[in-house]
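Here's the structure, in structure tokens; my notes come after.
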Amino acid sequence: MIGKLSIGIALATCIAASQLTFAPAASAKSLKVKVDSVKPGGMIPEKFSFCQAAAKGHLAPGKNISPRITWTAGPRGTKSYAVFLSDSDSPKENRDKMNKEGTTVPASTPRQTYFHMVLVDIPASVRALKEGNASTARVLHGKPATDTKVGVPGLNTFTVVTAANDAMKGKYYGYDGPCPAWNDELSPHHFKFTVYALSVKTLGLGADFDGPAALTALKDKILAEGKFEALYSTNPDKGAKVPKM
């Protein structure tokens, strides 16, 4: 188990992740995406988080289990799917204030995309990722790519977050759940599960690709896409649940 202090250090020293957005093709159709145990626009359960609220010390380790995600079939010609989980409210500035006593991250702080899961080359015959497909626990120094049961995982942003922390640094493949700063005035954060139906079986990405690289590779191959939005906070005043002792 990674200690509470390590969580705070890691997030406070996070290096900004690249943010990449693009408009889907005008002809792209819509997919309906669902996440088990999560209501649209509702709070993500703590079992799916990397960290959660604590009665003492603000943060405690979460179970970090990847949730079951389902989607409707893509249109004719779909040869693979790609699935992402991202936090669109991750601070781009004031990261030195994250999880720091006596201060807050102002709500006015510029924001950026933080990737919690990057998964591509999912076979066209698959329309559901089982619970635990990409993570069943927090793993010190990151899980290897081989731990993901379906699809090809890329590096999530925890790889960047932990780079300056010897106790945690490593290559984080697969899924690592929500862990927004407890002292962020902008709370809860908005999380997006995005599924793309693609016209190719594989994106042909090399080793150690990340979210921006995957989005660049798929942007001209989208036949359909769908999003499921949810919330998460580690601040009890913003809806976070504190586990009973």
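The values are calculated or read from the model by the stated rules, or taken from the named source; none is laboratory data. Only a predicted model underlies this, so the values are computations on that prediction, with no experimental measurement involved. Cβ: placed from backbone, ideal geometry, glycine included. Neighbour counts: every protein chain shown.
Of all residues in region 170-206, exactly one satisfies the criterion of being more than 30 Å from residue 80 (Cα to Cα), charged (D, E, K, R) and either touching a helix residue (DSSP H, G or I) at 6+ places or on another chain (Cβ under 7 Å) or surrounded by fewer than 18 Cβ atoms within 10 Å (Cβ to Cβ) (or both), namely 185.
Matching residues to (1) among the polar types (S, T, N, Q); (2) at negative phi:
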residue: 142; (1), (2): no, no
residue: 151; (1), (2): no, no
residue: 154; (1), (2): no, yes
residue: 159; (1), (2): yes, yes
residue: 162; (1), (2): yes, yes
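Note on region 95-132: residues that are assigned to a strand (DSSP E or B) and either of a type in the set (A, V, I, L, M) or surrounded by 14 or more Cβ atoms within 10 Å (Cβ to Cβ) (or both) total 15. Figure legend. Inter-residue proximity from region 193-220: first residues touching a residue at least 12 places away in the same chain (Cβ under 8 Å) and closer than 25 Å to residue 38 by Cβ, second residues assigned to a loop (DSSP other than H, G, I, E, B) and basic (Lys, Arg), beta-carbon distance below 8 Å, spacing 6+ or different chains. Indicated pairs: 198/79; 198/221.
Name the single residue that is surrounded by the most Cβ atoms within 10 Å (Cβ to Cβ) among those in region 44-84 being of a type in the set (Ser, Thr, Tyr) and outside any strand (DSSP E or B). Reasoning before the result, please.
Taking region 44-84 and keeping what is of a type in the set (Ser, Thr, Tyr), we get 49, 66, 70, 72, 78, 80-81.
Of the ones still in play, those that are also outside any strand (DSSP E or B) are 49, 66, 72, 78.
Details: 49: 26, 66: 24, 72: 15, 78: 18.
The selected residue is 49.
Taking region 55-74 only, how many residues are of a type in the set (A, V, I, L, M) and under 12 Å from residue 233 (Cα atoms)? Steps first, answer last, please.
Step one: list which residues in region 55-74 are of a type in the set (A, V, I, L, M), which gives 55, 59-60, 65, 69, 73.
So of that shortlist, the ones also under 12 Å from residue 233 (Cα atoms) come out as 59.
Looking only at that region, the number is 1.
Would you mind stating whether residue 181 is assigned to a loop (DSSP other than H, G, I, E, B), within 22 Å of residue 65 (Cα to Cα) and either modelled with pLDDT of 95 or more or not charged (D, E, K, R) (or both)? Break it down stepwise before answering.
Numbers: assigned to a loop (DSSP other than H, G, I, E, B): yes; within 22 Å of residue 65 (Cα to Cα): yes; either modelled with pLDDT of 95 or more or not charged (D, E, K, R) (or both): yes.
Against the criterion (assigned to a loop (DSSP other than H, G, I, E, B), within 22 Å of residue 65 (Cα to Cα) and either modelled with pLDDT of 95 or more or not charged (D, E, K, R) (or both)), residue 181 qualifies.
Picking from 90, 135, which residue would you name as being surrounded by 14 or more Cβ atoms within 10 Å (Cβ to Cβ), more than 29 Å from residue 200 (Cα to Cα) and under 14 Å from the mean Cα position of the chain (by Cα)? Talk me through it step by step, then tell me what you get.
On the way: 135 fails: more than 29 Å from residue 200 (Cα to Cα).
Checking each option against the conditions leaves just 90.
Annotation note: Cβ proximity below 6 Å between a residue of region 67-83 that is closer than 10 Å to residue 226 by Cβ and a residue that is part of a loop (DSSP other than H, G, I, E, B) and not basic (Lys, Arg) (sequence gap 6+ or interchain) occurs for 71/31; 72/31. With respect to the conditions (1) in contact (Cβ under 8 Å) with a residue 12 or more places away in the chain; (2) farther than 23 Å from residue 120 by Cα; (3) out of contact with any helix residue (DSSP H, G or I) (no Cβ under 7 Å at 6 or more places or on another chain), residue 102 falls short on a single one, namely (1). Of the residues making up region 140-165, those that are within 20 Å of residue 83 (Cβ to Cβ) and either without any contact (Cβ under 8 Å) to a residue 24 or more places away in the chain or assigned to a loop (DSSP other than H, G, I, E, B) (or both) are 142, 143, 144, 146, 148, 149, 150, 151, 154, 156, 157.
For residue 72, the stated conditions do not hold, so it cannot be described as in contact with a strand residue (DSSP E or B) (Cβ under 7 Å, 6 or more places away or on another chain) and of a type in the set (Val, Ile, Thr).
For (1) part of a loop (DSSP other than H, G, I, E, B); (2) over 17 Å from residue 88 (Cα atoms); (3) more than 18 Å from the chain's Cα centre (by Cα), each residue gets a yes or a no:
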{"position": "186", "(1), (2), (3)": "yes, no, no"}
{"position": "206", "(1), (2), (3)": "yes, yes, yes"}
{"position": "224", "(1), (2), (3)": "no, yes, yes"}
{"position": "227", "(1), (2), (3)": "no, no, no"}
{"position": "244", "(1), (2), (3)": "yes, yes, yes"}
